[in-house]
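Comments concern the structure below.
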Amino acid sequence: MTRTHVEAEIASQPSTWREAAALLPEVEGLLPRAGERVAVVGCGTSWFMAMAYAGLREGAGQGETDAFTASEFPSGRRYDRVVAITRSGTTTEVLRLLAAVEAPTVAITGVPEEQVKDVADAIVGLPFADEESVVQTRFATTTLALLRAHLGHDIEAVAADAEQALAADVGAHLDAEQISFVGQGWTIGLAQEAALKTREAAQFWAEAYPAMDYRHGPISIAEPGRLVWSFGEPPEGLREQVAATGATFVTDDLDPLAQLVLAQRVAVGLALGRGLDPDRPRHLTRAVELPDR
Ligand code: F1P
C-alpha cells in the first residue's frame, strides 16, 4: 500500500520505462542523429538527466554532447541540435533558451500541449510519465530510458533490475545520518539526482561528487553512521578507503538507473521517517515560472 503519489510513481517506473522504449520507433526521427554536436538542457532533476544522457551519448561515440542547466547555456557555442528536458513544459529558463537558440531544438516533456510546444521545433511527449508529486522521479528516469533505448540499450534488462530495486529492503539505509553519492561518467548525473532527491524530499544532508574526486576533500566528512553510495562500479581502492573512515560503503550490481530507484526509495523513506510529505517539499513548486523581464 502506497501512501503518497511519489511512492506510486516510483513503483511504476519499470512499466513507464518499457512504455518509453516501445515509443521509440515513433519518435526516433526527432532525436539526435549519430555524429551531431548536441547540447542537452534542463533545470533541477531534468538537468541531471541531461548530464547522464550527455555522458552516455558521447561515451558511445555518437558525437560531442554537452549538458547545461538552461540558464547557463553558452550562447556563443554552435550545436547541431539542442535537446531540452522539461516535465512541466513551462520552466521559464528552458522556454527562454528554446526561443533564443538558433540550432534545431527538440523538447521531451510530460505535457506536450504546454507552452514548450510554441518554442521547440519538435516535441516528444511522455504524458504517461507525468507526475502528481512535485518531486520528480519517473518522468526523469523515463526520459533517460527513452534516450538510452535510442542509444541501443536493452531497457527490458534495466526494467527487470528496477523491479529488483523495488523489492529490495532499504531499511538499513534509513538510519543514516548523511549520504555522499558518487559516480563516474554518466552516473555522475545519477549521483547528483540522488542527492537532490534526498535533500528536497527529506531535508536530508546529501552530497554528490565524481567518484575519483571524492578523495580530494569530501572524504573528510566520512565517519561511522554516514554512507558513501556508489552508482556503478566504484574506482579501485575507494571501498577500502571509505571503510577505513568507519563510514558505510554502499553499492550493488544493478543497472545504475535501477540503483537510482533504490535511492529514490531511501529519500522517500527518510522523508516519511521525519514526518515530512515527500510529495510537497517546502518552498518548492512543480515548475519555476518567472515573471517576464
Ligand atoms: C524542473 C524542476 C523540477 C523540480 C522542481 C522545479 O522542472 O527543477 O525538476 O522537481 O519542482 O522544477 P521541469 O522543467 O522538468 O518541469
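The values are calculated or read from the model by the stated rules, or taken from the named source; none is laboratory data. These numbers come from a predicted model, not from an experiment. Neighbour counts are summed over all protein chains in view; Cβ atoms, including those assigned to glycine, are modelled from backbone coordinates with ideal geometry. Only protein heavy atoms, including side chains, enter the accessible area calculation; ligands, DNA and RNA are left aside. Shrake-Rupley method; radii C 1.70, N 1.55, O 1.52, S 1.80 Å.
Quick check: anything in the range 52-66 modelled with pLDDT of 95 or more, among the basic types (Lys, Arg) and open to solvent by 50 Å² or more (accessible area, probe 1.4 Å)? No: the range 52-66 contains no residue that is modelled with pLDDT of 95 or more, among the basic types (Lys, Arg) and open to solvent by 50 Å² or more (accessible area, probe 1.4 Å). When we screen GLY55, GLY35, GLY61 for residues that are outside any loop (DSSP other than H, G, I, E, B) and not charged (D, E, K, R), the only hit is GLY55. Filtered by the rule that a residue be open to solvent by 40 Å² or more (accessible area, probe 1.4 Å) and either at positive phi or hydroxyl-bearing (Ser, Thr, Tyr) (or both), the range 226-244 gives no residues. Whether a residue is at pLDDT below 95, within 24 Å of ARG37 (Cα to Cα), open to solvent by 40 Å² or more (accessible area, probe 1.4 Å) and hydroxyl-bearing (Ser, Thr, Tyr) was assessed, and SER71 does not pass this test.
Scanning the range 269-292 for residues that are among the aliphatic types (A, V, I, L, M) and within 22 Å of GLY110 (Cα to Cα) turns up LEU284, ALA287, VAL288, LEU290. Taking the range 135-161 as the range and being open to solvent by less than 30 Å² (accessible area, probe 1.4 Å) and part of a loop (DSSP other than H, G, I, E, B) as the test, the residues that pass are VAL135, GLN136, THR137.
Here PRO278 meets each of (1) open to solvent by less than 40 Å² (accessible area, probe 1.4 Å); (2) of a type outside the set (D, E, K, R); (3) assigned to a helix (DSSP H, G or I) with one exception, condition (3). What pairs come up if the first residue lies in the range 102-125 and is within 12 Å of THR143 (Cβ to Cβ), the second is open to solvent by less than 10 Å² (accessible area, probe 1.4 Å) and at pLDDT below 95, and their beta carbons are under 7 Å apart, counting only those six or more places apart or on different chains? From the range 102-125, no pairs qualify. Taking the conditions exactly as written (surrounded by 19 or more Cβ atoms within 10 Å (Cβ to Cβ) and part of a helix (DSSP H, G or I)), does ALA267 satisfy them or not? So ALA267 passes the test. Residues that are free of Cβ contacts under 8 Å to residues at least 60 places away in the same chain, within 14 Å of the ligand (Cβ to nearest atom) and basic (Lys, Arg) within the range 38-97 comprise just one, ARG96.
In the set ALA201, ALA159, ALA172, ALA258, which member is in contact with an Asp or Glu (Cβ under 6 Å, 6 or more places away or on another chain) and either without any contact (Cβ under 8 Å) to a residue 60 or more places away in the chain or among the aliphatic types (A, V, I, L, M) (or both)?
The conditions single out ALA258.
If you go through the range 172-189 and keep only what is acidic (Asp, Glu) and part of a loop (DSSP other than H, G, I, E, B), you end up with just GLU177.
Restricting to the range 65-97, name every residue that is in a loop (DSSP other than H, G, I, E, B), touching an Asp or Glu at 6+ places or on another chain (Cβ under 6 Å) and not hydroxyl-bearing (Ser, Thr, Tyr). Result: ASP80, GLY89.
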